[in-house]
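Peer 1: I'd like to ask you about the structure that follows.
The values are calculated or read from the model by the stated rules, or taken from the named source; none is laboratory data. Keep in mind the model is a prediction, meaning the values are calculated, not measured. Quick reminder, even Gly has a Cβ in these numbers, built from the backbone with ideal geometry, and neighbours come from all protein chains shown. Accessible surface areas use protein heavy atoms only, side chains included; no ligands, DNA or RNA. Shrake-Rupley method; radii C 1.70, N 1.55, O 1.52, S 1.80 Å.
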Amino acid sequence: MSKYIAHKNQELHKHLKSVAEFAKMHAEKIGMENYGELLGLLHDCGKYSAEFQKYITDALKKEDPQFNPDEDEEFEDPAGKKGKIDHSTAGAQFLSCKNGSSQASKILGQLLSLCLVSHHSGLINCLTTDNSGTWDAYSKRLSKNDNKTHGKECARNIDQHILERINAILADMSFTKPFEERCRRIVCSSPEANPFSTVAQFQLGLLTRFLFSALIDADRQDTADSEKPKTARYRQQGDYRSWDILIERLENAYKNFETKNCVDEIRKEISNHCLHAAKRSKGLFTLTVPTGGGKTLASLRFALGHAEKHHMDRIIYVIPFTTIIDQNAQIVREILEPKGRPKDSGKIVLEHHSNIGADVQSWKEKLLTENWDAPVVFTTMVQFLEALFGAGTRGARRMHQLAKAVIIFDEIQTLPINCVHLFNNAINFLVNQCGSTVVLCTATQPLLGSVGEKKGSLKLSEANELMPDVGKLFVNLKRVHVCDYRKSPGWTYSEIATLAVGQVKTNGSCLVVVNMKKAARIIFEEAKKDGLEVFHLSTGMCPAHRKQILKTIRQKLDDEEPILCVSTQLIEAGVDVSFRSVIRMLAGLDSIAQAAGRCNRHGSPEIGHVFVVNPVEENLDYLKDIAVGKEKTNRVLDDYKSDASKYDNDIIGLKMLDWYYRNYFYERKEVMDYPVTANRNDTLLNLLSCNSMVVDDFRRTNKTMPAINLRQSFMTAAKLFKSIDAPTRSLIVRYGDEGKDLVNQLCAAFAVDKQYALIKKAQQYSVNLFPYEFEKLAAGNALYRVQEETEIFYLDYSYYSKITGISLEPVKKEEQFKDECIA
């Protein structure tokens, strides 16, 4: 029996073997199972050192309530040693000693070693630079003194059967073959067919992160399950309901759908096209359907059929806003998790809105972080991009789940402009190297295939489109008239409120969509003065709050009661509401088209009206994408005025949108590779590919080129990457009785199985805050930890309004959920 310990209640050889099995399973998706197994067997080899075993033994003694340290002369308090004993480097050093001399062996050896030394920190830099200079961080780590890594000692102590399996994998004559084949495919699919090109090097970096993900998820899962075995029952491990059963449930739902009007007929036609398209080979597709065309269920029909035909692992919906997740996930859940099947409840549709807690997690909090182990996953664009490019290990853990998946991007036009090349390269990698199928859904397709090819563009053509005649669809689904109401010098907030109130009195309902939360609040307050019932929606409200408000709004619209809603742009991408008129503050033409989708959504014979207004004063200094979109819309609207026939007399038609995007993308092409200005003017695309600026610095400093093949600055890029304009932290709010009860339970729950369910529920009661907002609330003593030593916070009652959501200042008592402002 092995005498070496990995964790409490787990021997080291069992941990290595178990992680190897999980990592092998994950890496098998791309034909690299041997690499996954090898990483699992080597990742914690440093724990065979006497130093680590002393540390872990003392830590276990300290946990024992019966232990008396005064009676044990050999005991040393482990406090302060956690994370300071290097157990990650020994495995990488062992691998480097066994590595072959061929070029493929060297590159593969570096790739695998990077994963091993990084499995607690996130991928480290290959080359790194700071104020003191530029150096080869990878080689420095691998040459770390044996007194620190205990590599030779660990190689002597390793369990024999573990060593034999490692040697057997490495001795296989075809060991490098899967890697060589993958590299050939990467180079051949890159636009320059050059292994040193930006695109090829970037995708090699993604391959590194994929294998890193396979290791991280395997390690975290086995560690959690060994420490708390009962939690293993929460994991499905891919043992899902078969696709044919889920298909049957969706088809039964379609049989019960009523066809009430011509719009329903068109939606049915769209859905049928998606059903037939499911038989196509795997690849990259677009689904271009005007707003209100039923894209969600139509794309699900495609995804389920496609997943069954090609034996895919899961379907992932990537959505821009949590509001749409609430709505779309609920629609899909009601169909795929029917009430008559209680055993399926919560096991088929997984919602992953946001991360609760800070980046630094305890093992207990790591357990509560979903790794997308479900057949149908709804997540945000933020979470998708974090899985591919974010810092640390939490997001990276999920990346391998994107392989062998059908990935549906809803409202793809909301992709942050600075992420365009990162996104394009990632999509090409997932489709060409990971066996995934990607569908880009929107009424307003951005020109992702028309950007700089050498930096990464999508290979899109008419053959990619799932709809046979997009132009005809736009004509048949035209339900609104867009009115250019711009004027000089512009509209005041009070005038916009007056226009909105007038529309309610004339037409019965009106939606106002603005660019900023401040504008929403002012127009909301102005409109209320008229005595109308006015509703407010913004990202300052938690999902449960927004869901309740939207439910009330829909009911009043159905009952044809007079209603006015003032909202930020969160409502315009896919939220299923239908107003008689819409007022849209000037923004990108794509945003105007999306806002128009909330008007006369179901095709009433009486055409709806959308009014585009320009505010007299609006500070968009921190919202560059909106500011540029607004400026380009001004340009194309002026062009439209001069000759509307050139655009088929449709302000939001295909020709106008195409012209708008060509103007917008040309203006923004210099920021599509994600510029960063920390220490130098560089880009994330460069840092994650050829890394030319750092390589040049290295050459100047050392009078030679780096001796390593992978030269990316992974960690620097990950820390600089923010999938939205600023990093956010989630904060739990006590919205209603449910939010209050949830926080009470979180504060009281120490059992992991209870916390698992509560953290998932907490996503419905969380709001994402920018750092300055979080800091201001903390300075005002408005934040409380749910438990000591956790980074999960909840908000004081007095800083949340039942009308407008979170506030940085105390709100009026009548707007609070509790009269007394106590914690």
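Peer 1: Kindly list the number of the only condition in (1) assigned to a loop (DSSP other than H, G, I, E, B); (2) out of contact with any helix residue (DSSP H, G or I) (no Cβ under 7 Å at 6 or more places or on another chain) that fails for Asp658.
Peer 2: The failed condition is (1).
Peer 1: It is to be established whether one or more residues within the stretch 586-599 are assigned to a loop (DSSP other than H, G, I, E, B) and open to solvent by 10 Å² or more (accessible area, probe 1.4 Å).
Peer 2: Within the stretch 586-599, none of the residues are assigned to a loop (DSSP other than H, G, I, E, B) and open to solvent by 10 Å² or more (accessible area, probe 1.4 Å).
Peer 1: Sort through Lys641, Lys632 and tell me the only one that's in contact with a strand residue (DSSP E or B) (Cβ under 9 Å, 6 or more places away or on another chain) and basic (Lys, Arg).
Peer 2: Values: Lys632 fails: in contact with a strand residue (DSSP E or B) (Cβ under 9 Å, 6 or more places away or on another chain).
Within the list Lys641, Lys632, the selection yields Lys641.
Peer 1: Pick from the stretch 198-247 the residues that are acidic (Asp, Glu) and surrounded by 23 or more Cβ atoms within 10 Å (Cβ to Cβ): which of them is farthest from the chain's Cα centre (by Cα)?
Peer 2: Asp222
Peer 1: With the structure loaded, tell me whether Glu180 is assigned to a loop (DSSP other than H, G, I, E, B), touching a residue at least 12 places away in the same chain (Cβ under 8 Å) and acidic (Asp, Glu) or whether it fails that test.
Peer 2: On the way: assigned to a loop (DSSP other than H, G, I, E, B): no; touching a residue at least 12 places away in the same chain (Cβ under 8 Å): yes; acidic (Asp, Glu): yes.
Against the criterion (assigned to a loop (DSSP other than H, G, I, E, B), touching a residue at least 12 places away in the same chain (Cβ under 8 Å) and acidic (Asp, Glu)), Glu180 does not qualify.
Peer 1: For Thr259, state whether it is β-branched (Val, Ile, Thr), out of contact with any Leu (no Cβ under 9 Å at 6 or more places or on another chain) and in a helix (DSSP H, G or I).
Peer 2: Numbers: β-branched (Val, Ile, Thr): yes; out of contact with any Leu (no Cβ under 9 Å at 6 or more places or on another chain): yes; in a helix (DSSP H, G or I): no.
When the stated conditions are applied, Thr259 does not pass them.
Peer 1: Give Lys646, Lys655 a once-over and let me know the one that is at pLDDT 90 or above and surrounded by fewer than 13 Cβ atoms within 10 Å (Cβ to Cβ).
Peer 2: Working: Lys655 fails: surrounded by fewer than 13 Cβ atoms within 10 Å (Cβ to Cβ).
One residue alone meets the criteria, Lys646.
Peer 1: I would also like to ask the following. Test Lys547 against the stated conditions and say whether it is among the charged types (D, E, K, R), open to solvent by 60 Å² or more (accessible area, probe 1.4 Å) and assigned to a helix (DSSP H, G or I).
Peer 2: Details: among the charged types (D, E, K, R): yes; open to solvent by 60 Å² or more (accessible area, probe 1.4 Å): yes; assigned to a helix (DSSP H, G or I): yes.
It is true that Lys547 is among the charged types (D, E, K, R), open to solvent by 60 Å² or more (accessible area, probe 1.4 Å) and assigned to a helix (DSSP H, G or I).
Peer 1: Another question, if that's okay. Identify the residue in the stretch 44-83 that is in a loop (DSSP other than H, G, I, E, B) and among the acidic types (Asp, Glu) and, among all such residues, is most open to solvent (accessible area, probe 1.4 Å).
Peer 2: Per the criteria, the residue is Glu73.
Peer 1: Take the stretch 384-402 and flag every residue that is at pLDDT 90 or above and not basic (Lys, Arg). Steps first, please.
Peer 2: At the first step, the residues of the stretch 384-402 found to be at pLDDT 90 or above are 384-390, 396-402.
Matches in the stretch 384-402: Phe384, Leu385, Glu386, Ala387, Leu388, Phe389, Gly390, Ala396, Met399, His400, Gln401, Leu402.
Peer 1: Here is a list of conditions, (1) more than 30 Å from Tyr640 (Cβ to Cβ); (2) open to solvent by 20 Å² or more (accessible area, probe 1.4 Å); (3) not β-branched (Val, Ile, Thr), and Glu667 meets all of them except one; can you say which number that is?
Peer 2: (1)
Peer 1: Separate question: Any idea how many residues of the stretch 771-807 are assigned to a loop (DSSP other than H, G, I, E, B), modelled with pLDDT of 90 or more and open to solvent by less than 50 Å² (accessible area, probe 1.4 Å)?
Peer 2: The qualifying residues number 5.
Peer 1: Let me ask something else. Which residue pairs have Cβ atoms under 8 Å apart, sit 6 or more places apart or on different chains, and have a first residue in the stretch 210-223 that is part of a helix (DSSP H, G or I) and a second that is acidic (Asp, Glu) and open to solvent by 10 Å² or more (accessible area, probe 1.4 Å)?
Peer 2: Ala218/Glu21
Peer 1: Could you go through the stretch 256-266 and let me know if any residue there is surrounded by fewer than 20 Cβ atoms within 10 Å (Cβ to Cβ) and among the β-branched types (Val, Ile, Thr).
Peer 2: Filtering the stretch 256-266 for residues surrounded by fewer than 20 Cβ atoms within 10 Å (Cβ to Cβ) gives 256-262, 264-265.
After this cut, where a residue has to be among the β-branched types (Val, Ile, Thr) as well, the list is 259.
Taking every residue of the stretch 256-266 in turn, at least one turns out to be surrounded by fewer than 20 Cβ atoms within 10 Å (Cβ to Cβ) and among the β-branched types (Val, Ile, Thr).
Okay, residues lined up against (1) under 33 Å from the mean Cα position of the chain (by Cα); (2) assigned to a strand (DSSP E or B):
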residue	(1), (2)
Ala463	yes, no
Pro468	yes, no
Val482	no, yes
Ser494	no, no
Thr498	no, no
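Peer 1: Show the residue pairs meeting these rules: Cβ distance below 6 Å; 6+ apart or different chains; first residue within the stretch 35-60 and within 14 Å of Cys154 (Cα to Cα); second residue at pLDDT 95 or above and acidic (Asp, Glu).
Peer 2: Within 6 Å, the pairs are Ser49/Glu153.
Peer 1: Picking from Leu532, Leu458, Leu447, Leu511, which residue would you name as being in a loop (DSSP other than H, G, I, E, B), surrounded by 22 or more Cβ atoms within 10 Å (Cβ to Cβ), on the phi < 0 side of the Ramachandran plot and among the hydrophobic types (A, V, I, L, M, F, W, C)? Don't jump to the end; show me each part of the working.
Peer 2: Working: Leu532 fails: surrounded by 22 or more Cβ atoms within 10 Å (Cβ to Cβ); Leu447 fails: surrounded by 22 or more Cβ atoms within 10 Å (Cβ to Cβ); Leu511 fails: in a loop (DSSP other than H, G, I, E, B).
Unique residue meeting the criteria: Leu458.
Peer 1: Give the residues of the stretch 10-58 that are within 18 Å of His150 (Cβ to Cβ) and of a type in the set (A, V, I, L, M, F, W, C), sorted by residue number.
Peer 2: Across the stretch 10-58, the qualifying residues are Leu12, Leu16, Leu41, Leu42, Cys45, Ala50, Phe52, Ile56.
Peer 1: Okay, moving on. What's the total number of residues in the stretch 670-690 that are surrounded by 17 or more Cβ atoms within 10 Å (Cβ to Cβ) and either part of a helix (DSSP H, G or I) or not aliphatic (A, V, I, L, M) (or both)?
Peer 2: Count: 11.
Peer 1: Let me ask something else about it. Any idea which of (1) closer than 26 Å to Lys655 by Cβ; (2) open to solvent by 30 Å² or more (accessible area, probe 1.4 Å); (3) in a loop (DSSP other than H, G, I, E, B) is the one Thr291 doesn't satisfy?
Peer 2: The number of the failed condition is (2).
Peer 1: Given the conditions (1) at pLDDT 95 or above; (2) within 30 Å of Ile563 (Cα to Cα); (3) not hydrophobic (A, V, I, L, M, F, W, C), which single one is not true for Thr444?
Peer 2: All conditions are met except number (1).
Peer 1: Which residue, of Ala27, Ala23, is part of a helix (DSSP H, G or I), farther than 22 Å from Asp159 by Cβ, touching a residue at least 12 places away in the same chain (Cβ under 8 Å) and out of contact with any Ser or Thr (no Cβ under 8 Å at 6 or more places or on another chain)?
Peer 2: Ala27
Peer 1: Based on this model, can you work out whether Gly435 counts as part of a loop (DSSP other than H, G, I, E, B) and without any contact (Cβ under 8 Å) to a residue 24 or more places away in the chain?
Peer 2: Answer is no for this residue.
Peer 1: Name the single residue, out of those in the stretch 294-319 being modelled with pLDDT under 95 and surrounded by fewer than 23 Cβ atoms within 10 Å (Cβ to Cβ), that is farthest from Val376 (Cα to Cα).
Peer 2: Per the criteria, the residue is Gly294.
Conditions (1) without any contact (Cβ under 8 Å) to a residue 40 or more places away in the chain; (2) closer than 23 Å to Gly392 by Cα, marked per residue:
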{"position": "Thr677", "(1), (2)": "yes, yes"}
{"position": "Met693", "(1), (2)": "yes, no"}
{"position": "Arg699", "(1), (2)": "yes, no"}
{"position": "Ala707", "(1), (2)": "no, no"}
{"position": "Leu731", "(1), (2)": "no, yes"}
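So that you can scan it fast, the table gives a plain yes or no per residue for (1) of a type in the set (A, V, I, L, M); (2) open to solvent by 20 Å² or more (accessible area, probe 1.4 Å); (3) assigned to a loop (DSSP other than H, G, I, E, B):
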{"site": "Ala92", "(1), (2), (3)": "yes, no, no"}
{"site": "Ser101", "(1), (2), (3)": "no, yes, yes"}
{"site": "Ser105", "(1), (2), (3)": "no, no, no"}
{"site": "Leu114", "(1), (2), (3)": "yes, no, no"}
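Peer 1: Same structure again: Identify the residue in the stretch 600-624 that is open to solvent by 30 Å² or more (accessible area, probe 1.4 Å) and in contact with a Gly (Cβ under 8 Å, 6 or more places away or on another chain) and, among all such residues, is modelled with the lowest pLDDT.
Peer 2: So, considering only residues that are open to solvent by 30 Å² or more (accessible area, probe 1.4 Å) and in contact with a Gly (Cβ under 8 Å, 6 or more places away or on another chain), the one modelled with the lowest pLDDT is His602.
Peer 1: Please enumerate the residues belonging to the stretch 161-197 that are touching a helix residue (DSSP H, G or I) at 6+ places or on another chain (Cβ under 8 Å), under 30 Å from Ser457 (Cβ atoms) and open to solvent by 70 Å² or more (accessible area, probe 1.4 Å).
Peer 2: Listed by number, the residues that qualify are Arg185, Glu192.
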